[in-house]
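Student: Mind having a look at this structure? Questions to follow.
Nothing in this text is a laboratory measurement; each read-out follows from the coordinates by a stated rule. Keep in mind that what you see is a predicted model, and the values were worked out from it rather than measured. Glycine also receives a Cβ, built like all others from the backbone with ideal geometry; neighbour counts cover every protein chain displayed.
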Amino acid sequence: SAVISQKPSRDICQRGTSLTIQCQVDSQVTMMFWYRQQPGQSLTLIATANQGSEATYESGFVIDKFPISRPNLTFSTLTVSNMSPEDSSIYLCSAKFADTQYFGPGTRLTVL
Amino acid sequence: AQRVTQPEKLLSVFKGAPVELKCNYSYSGSPELFWYVQYSRQRLQLLLRHISRESIKGFTADLNKGETSFHLKKPFAQEEDSAMYYCALRITSYDKVIFGPGTSLSVIP
């Protein structure tokens, strides 16, 4: 199995600022994913991040707003840029390992 | 378009009663389906996948391609089954997983 950790676990931010969320996997994985879970909603895929290539964004999500880095096979970051209250959500990191998708504990973001 | 639906947002059953959480999907390719569970204050975790045809914690799910369904069943619900359940579909051409809206299961003692 793969164990995924995220930092920070939660944060409260001011409108217009940016937050970078870090995701660490204890195994080398090719594919990592970032999801958003808005209050009372299901998980929505933001982007797929493969090491060595540009992230692939889903419809409705753009790189300028959610830049992603994937510097190696165990680490990724997601930045939420120029935040507004609508960005308040739980952000989940996920990784595919041995044909199973594992999830991090999530980062709970509140934007004031 | 690919889509996963779970018609029940909330489902309450009594302990010992059978439980069925419904899931339907829309996908033109060969489907690969999963059930994920999220217990209170815990992270999302895989419960079972259709290709394994296994029973986990007494739960089973059968893929019905004719009805495009993947319902989750358990013959006798336990209190510890209370959780949020998500049905998920892997889009094999892009190797990404999309989730249904989820069903919150509450088992009444």
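Student: Measure off 7 Å from each Cα along the Cα-to-Cβ vector at B:ALA1 and A:THR100, then give the distance between these two points in nanometres to one decimal.
Tutor: Result: 3.3 nm between the two label points.
Student: Would you mind giving the mean number of other chain beta-carbons within 10 Å of the Cβ of each residue in A:38-46, as a whole number? Can you show the working numbers first?
Tutor: On the way: counts 0, 0, 3, 3, 11, 11, 2, 6, 0.
Taking the mean over all residues of the peptide, I get 4.
Student: Here is a follow-up. When you look at the Cβ of every residue in B:33-43, what mean number of other chain Cβ atoms sits within 10 Å? Please list the in-between numbers first.
Tutor: On the way: counts 0, 2, 0, 3, 0, 4, 0, 0, 1, 1, 8.
Partner Cβ neighbours, averaged per residue: 2.
Student: What translational D, rounded to a whole number of µm²/s, comes out for the protein assembly as shown from Stokes-Einstein when the hydrodynamic radius is the Kirkwood one over Cα pairs, at 10 °C and 1.306 mPa s? Show your work: numbers first, answer last.
Tutor: Working: Rh = 18.1 Å.
The estimated diffusion coefficient comes to 88 µm²/s.
Student: For the range B:64-106, just say rounded, prolate or oblate: build the C-alpha gyration tensor, square-root its eigenvalues into a ≥ b ≥ c, call rounded for a/c under 1.5, and beyond that prolate if a/b exceeds b/c, oblate if not.
Tutor: On the way: a/c = 3.20, a/b = 1.73, b/c = 1.85.
It is oblate, given that a/c is not under 1.5 and a/b is not larger than b/c.
Student: Can I ask one more? Specify the residue with the greatest mean-square fluctuation among A:ARG70, A:ARG15, A:ARG36, computed from a Gaussian network of chain A linking alpha-carbon atoms under 10 Å apart.
Tutor: Ranking A:ARG70, A:ARG15, A:ARG36 by mean-square fluctuation puts A:ARG15 first.
Student: Can I ask one more? For B:SER93 and B:GLU67, what does the FRET efficiency come to when R0 = 25 Å and r is the distance between their Cβ atoms, rounded to the nearest 0.05?
Tutor: On the way: r = 23 Å, r/R0 = 0.92.
Result of the calculation: an efficiency of 0.60.
Student: Next up: Can you give the FRET efficiency for A:GLN38 and B:ARG53, using 1/(1 + (r/R0)^6), R0 = 41 Å, r = Cβ-Cβ distance, to the nearest 0.05? Don't skip to the end; give the middle numbers.
Tutor: Numbers: r = 34 Å, r/R0 = 0.83.
Efficiency, rounded to the nearest 0.05: 0.75.
Student: May I pose another question? Tell me the net charge near A:LEU45. Cut-off is 11 Å between Cβ atoms, A:LEU45 excluded, with +1 for each Lys or Arg and -1 for each Asp or Glu. Could the numbers behind the result be given before it?
Tutor: On the way: positive: A:ARG36, B:LYS96; negative: A:GLU58.
Net charge around A:LEU45: +1.
Student: Related question: Once a ≥ b ≥ c are taken as the square roots of the eigenvalues of the Cα gyration tensor of the range B:24-65, is the result rounded (a/c under 1.5), prolate (a/b larger than b/c) or oblate (a/b not larger than b/c)? Please report the intermediate quantities before stating the final value.
Tutor: On the way: a/c = 2.81, a/b = 1.61, b/c = 1.75.
It is oblate, given that a/c is not under 1.5 and a/b is not larger than b/c.
Student: While we're here: Over chain A, what lengths in whole Å, largest first, do the semi-axes of the equivalent ellipsoid take, defined as the square roots of 5 times the eigenvalues of the alpha-carbon gyration tensor? Walk me through the intermediate numbers first.
Tutor: Details: eigenvalues 98, 42, 31 Å².
Sorted largest first and rounded, they come to 22, 14, 13 Å.
Student: Still on this structure: Obtain the nm distance between the two label points defined at A:GLU54 and B:SER26 by a simple spin-label model: each point lies 7 Å from its Cα along the Cα-to-C-beta direction.
Tutor: So the label points at A:GLU54 and B:SER26 sit 3.0 nm apart.
Student: Report, ordered by chain and residue number, the lysines lying within cross-link reach of B:LYS57, taken as a straight Cα distance under 21 Å and ignoring same-chain residues fewer than 8 apart.
Tutor: Counting by Cα, and skipping residues close in sequence, B:LYS57 has these lysines nearby: B:LYS15, B:LYS22, B:LYS73, B:LYS74.
Student: Sticking with this one: Across the Cα atoms of the range A:1-66, what radius of gyration and what greatest pairwise Cα-Cα distance (Dmax) are found, in Å?
Tutor: 13.2, 38
Student: Can I ask one more? What Kirkwood Rh does the range B:17-109 have if only Cα atoms enter the pairwise 1/r average? Answer in Å. If you can, show how the numbers build up before the last one.
Tutor: Values: mean 1/r = 0.0736 Å⁻¹.
Radius from the Kirkwood sum: 13.6 Å.
Student: Among A:SER89, A:SER76, A:SER18, whose mean-square fluctuation peaks in a Gaussian network model of chain A (Cα, cutoff 10 Å)?
Tutor: Residue with maximal mean-square fluctuation among A:SER89, A:SER76, A:SER18: A:SER18.
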